[in-house]
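Before any comments, here is the structure.
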């Protein structure tokens with residue numbers, strides 16, 4: 001095994017960049033779960049809606065791509081708020097299984113709605129950035145840009161949660177949702193804001209994915225299940241844990257695929273997940 | 001919104017409206033023409049109208065069948081009895097396909113179900129049809145494993161099987177290597193990547209077998225899931241192995257994902273061949289990649305518009321012309337996808353050459369009568385709109401139910417059109433290697 005093999009190094013870089021793809025949805029999903037205590041099973045479908053929004057605004061409405069990206073965030077944030085107001089809030093005191101089934105139902109509603117509006121055709125932005133070539137190592141320009149944007153998004157979220165009053169309230173609610181109302185924090189408002197932020201993160205993830213994948217109503221199948229796995233592995237509700245687990249999973253898939261086969265890499269990833277569940281059932285990075 | 005193709009909304013609306021006209025449950029019907037008298041003849045039509053397979057060819061497959069049924073009814077059906085299609089959506093899921101097939105056979109009481117896009121569905125379905133002694137008429141699913149050594153009596157496949165794909169795409173390189181690539185065939189390095197279902201596995205095994213036959217080295221053979229979010233490591237491994245020719249058997253979105261990541265990952269080769277499914281959606285692929293696809297190849301039964309209709313049997317060219325005109329008018333297509341021709345052709349073969357004689361002979365349409373009629377079909381080469389003839393292998397054959405006269409051709413993309421390049425007798429001279437301006441072309 002030659003660790004300086006340029007192809008191995010390329011696989012390592014690919015793994016880190018792939019982690020960046022998983023990190024943002026994992027972050028958003030964990031934020032919502034940590035604060036509201038409800039798993040949005042339809043999270044990948046919110047990303048899908050965002051991808052369609054970018055595609056539509058850019059290729060059909062003729063908006064410049066950066067403007068379409070900017071518009072995508074509030075669109076999906078609004079969708080996140082709507083999801084909370086219409087589906088999650090009425091079920092906040094219901095058993096968890098009802099909440100899961102309800103957001104699972106929204107998943108099918110969004111897939112069906114996208115099929116009706118956009119048909120089952122695969123849509124593409126048709127944009128690509130030239131690759132970077134460092135020696136024999138090729139790095140996709142598009143994936144690198146997406147990775148940087150994911151890091152930037154995570155940093156902005158961290159700053160928001162750390163340095164703003166609302167962010168502090170969100171963190172406090174995530175720590176103890178029983179006590180915070182006694183301190184004057186309105187949990188209903190915080191839940192709504194967290195849902196909007198979670199939606200905005202799905203919107204940002206959509207901007208990063210729409211340049212890498214074709215858009216179709218079932219695109220969520222490509223990254224949704226693995227995002228949930230990452231969240232559980234990092235510790236549901238643990239934002240930092242989910243963020244780190246995304247990179248760990250990206251590396252396992254990429255390096256496993258390099259040393260074995262693409263299918264083998266997923267066997268290793270799922271075996272590792274099961275192992276983590278045995279050893280640390282609350283997640284790898286649970287405090 | 002829907003510049004090309006048909007949306008699920010259109011399909012369901014058509015099904016609902018026409019179903020009401022027939023006085024049957026709206027969600028289950030897709031009758032495509034007014035009745036002319038006599039009891040309607042009901043057939044099942046099972047395709048994927050939603051899920052990933054819908055955009056990878058299953059919707060054109062349905063649309064082609066729909067045109068065939070409408071035209072057949074307009075021409076009088078079976079002595080005035082119209083055909084009514086009871087359609088069902090497999091949703092790109094094998095379990096849904098099985099449940100829907102059970103519903104069509106059980107609740108709807110049908111004797112025959114046509115369609116089935118995916119081999120991953122055809123494999124579990126075929127055994128069930130055989131056990132229930134009902135006719136399964138496969139219009140698309142191509143994996144050899146669906147029929148190989150099964151000796152089915154009630155499962156028929158008028159279209160090609162996966163072994164034929166590989167025979168074509170490997171033969172092209174074997175025949176042209178010295179002349180066009182300046183290499184002895186034994187020196188041409190091949191790589192095979194494929195989705196891990198029966199379709200991809202069947203095609204890849206056949207490519208490997210054909211490569212072995214010609215003593216051509218396969219430097220990498222690897223499967224992946226069609227819904228994988230990333231193929232960049234596979235691209236890295238391909239780059240390490242430096243294949244001259246890459247063979248892919250994929251649906252979508254894996255095809256576009258691979259092409260995109262291969263381009264950004266610096267993968268270069270002399271030629272790439274797809275094998276039907278997502279590779280046959282040329283309009284869609286060209287819209288995404290444009291001239292980057294120039295010179296790449298694909299194997300599939302020929303879309304009818306690629307053939308010289310004058311050389312087909314009398315009347316068949318006229319039928320093909322009518323079909324293409326109707327399809328283009330209804331679906332606003334430039335170059336019809338192969339699956340549209342497959343849907344029309346294989347449905348037409350059933351209606352005209354199996355259903356009609358069976359009903360005329362017995363007065364009804366039992367599975368037994370249909371089976372006997374199917375085994376009697378004897379259409380010579382040029383007798384269908386896709387150019388091939390039809391003769392089904394008998395039950396004692398290792399490929400029982402397979403059309404032994406089906407033909408797979410290899411095509412090459414040239415400015416958003418596909419042109420036949422193999423067999424040499426049917427097509428034009430292939431252009432190899434990829435043009436130097438292609439981002440995928442190997443720089444020597």
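The values are calculated or read from the model by the stated rules, or taken from the named source; none is laboratory data. The structure presented is a predicted model; accordingly, all values stated were derived computationally and were not measured. All Cβ positions, even for glycine, are placed from backbone atoms using ideal geometry, and neighbour counts span all protein chains on display.
Scanning the stretch A:127-143 for residues that are at the interface with chain B (Cβ under 9 Å from one of its Cβ atoms) and surrounded by fewer than 13 Cβ atoms within 10 Å (Cβ to Cβ) turns up A:130, A:133. Residue A:41 fulfils the conditions (1) within 30 Å of residue A:11 (Cβ to Cβ); (2) more than 10 Å from chain B (Cβ to nearest Cβ); (3) in a loop (DSSP other than H, G, I, E, B) except for a single criterion, (1).
The residues on offer are B:231, B:319, B:307, and the sole one that is closer than 20 Å to residue A:263 by Cβ and in contact with a helix residue (DSSP H, G or I) (Cβ under 9 Å, 6 or more places away or on another chain) is B:231. Comparison of B:358, B:367 shows that the only residue that is in contact with a helix residue (DSSP H, G or I) (Cβ under 6 Å, 6 or more places away or on another chain) and surrounded by 17 or more Cβ atoms within 10 Å (Cβ to Cβ) is B:358.
When residue B:21 is tested against the conditions (1) under 30 Å from residue B:275 (Cβ atoms); (2) at pLDDT below 50; (3) away from every other protein chain (no Cβ under 14 Å), the lone failure is (1). Of the strands (runs of 3 or more DSSP E) lying entirely inside the stretch B:237-349, those containing at least 1 residues that are modelled with pLDDT of 90 or more and either within 14 Å of another protein chain (Cβ to nearest Cβ) or out of contact with any strand residue (DSSP E or B) (no Cβ under 8 Å at 6 or more places or on another chain) (or both) span B:245-249.
For residue B:283, the stated conditions hold: it is within 19 Å of residue B:417 (Cα to Cα), under 19 Å from the mean Cα position of the chain (by Cα) and surrounded by fewer than 21 Cβ atoms within 10 Å (Cβ to Cβ). Listed conditions (1) over 21 Å from the mean Cα position of the chain (by Cα); (2) surrounded by fewer than 20 Cβ atoms within 10 Å (Cβ to Cβ); (3) modelled with pLDDT of 95 or more; (4) not assigned by TED's automatic domain parsing to the domain that holds residue B:84 are all met by residue B:393, apart from (1). Per the listing A:194, A:246, the residue uniquely part of a helix (DSSP H, G or I), surrounded by 24 or more Cβ atoms within 10 Å (Cβ to Cβ), at pLDDT 90 or above and within 14 Å of another protein chain (Cβ to nearest Cβ) is A:246. Regarding the stretch A:107-121, can at least one residue be identified that is touching a strand residue (DSSP E or B) at 6+ places or on another chain (Cβ under 7 Å), part of a helix (DSSP H, G or I) and under 30 Å from residue B:234 (Cα atoms)? The answer is no; no qualifying residue exists. When A:82, A:4, A:18, A:27 are checked against the criterion of being in a helix (DSSP H, G or I) and more than 24 Å from residue A:243 (Cα to Cα), a single residue qualifies: A:82. When the test is whether a residue is in contact with a helix residue (DSSP H, G or I) (Cβ under 7 Å, 6 or more places away or on another chain), away from every other protein chain (no Cβ under 14 Å) and surrounded by fewer than 23 Cβ atoms within 10 Å (Cβ to Cβ), residue A:180 passes it. Only one entry of A:113, A:146 meets the criterion of being buried (at least 22 other Cβ atoms within 10 Å of the Cβ) and within 14 Å of chain B (Cβ to nearest Cβ), and that entry is A:146. Among (1) in a helix (DSSP H, G or I); (2) under 22 Å from residue B:285 (Cβ atoms), there is one condition residue B:208 misses while meeting the rest; what is its number? Condition (2) is where residue B:208 drops out. Being away from chain B (no Cβ under 14 Å), free of Cβ contacts under 8 Å to residues at least 40 places away in the same chain and in contact with a helix residue (DSSP H, G or I) (Cβ under 8 Å, 6 or more places away or on another chain) holds for only one residue in A:272, A:264, and it is A:272.
Just one residue in the set B:71, B:49, B:45, B:61 is over 25 Å from residue B:161 (Cβ atoms) and in contact (Cβ under 8 Å) with a residue 12 or more places away in the chain; that residue is B:71. Against the condition touching a residue at least 60 places away in the same chain (Cβ under 8 Å), more than 20 Å from residue B:261 (Cβ to Cβ), within 17 Å of the chain's Cα centre (by Cα) and more than 14 Å from chain B (Cβ to nearest Cβ), how does residue A:207 come out, does it pass? No; evaluated as a whole, the condition is false for this residue. One residue is enough: does the stretch B:95-115 have a residue meeting the conditions closer than 21 Å to residue B:200 by Cα and part of a loop (DSSP other than H, G, I, E, B)? No, because not a single residue in the stretch B:95-115 is closer than 21 Å to residue B:200 by Cα and part of a loop (DSSP other than H, G, I, E, B). Can you tell me which residue within the stretch A:217-235, out of those that are in a loop (DSSP other than H, G, I, E, B) and within 13 Å of another protein chain (Cβ to nearest Cβ), is surrounded by the fewest Cβ atoms within 10 Å (Cβ to Cβ)? Going through the qualifying residues, I end up with A:218.
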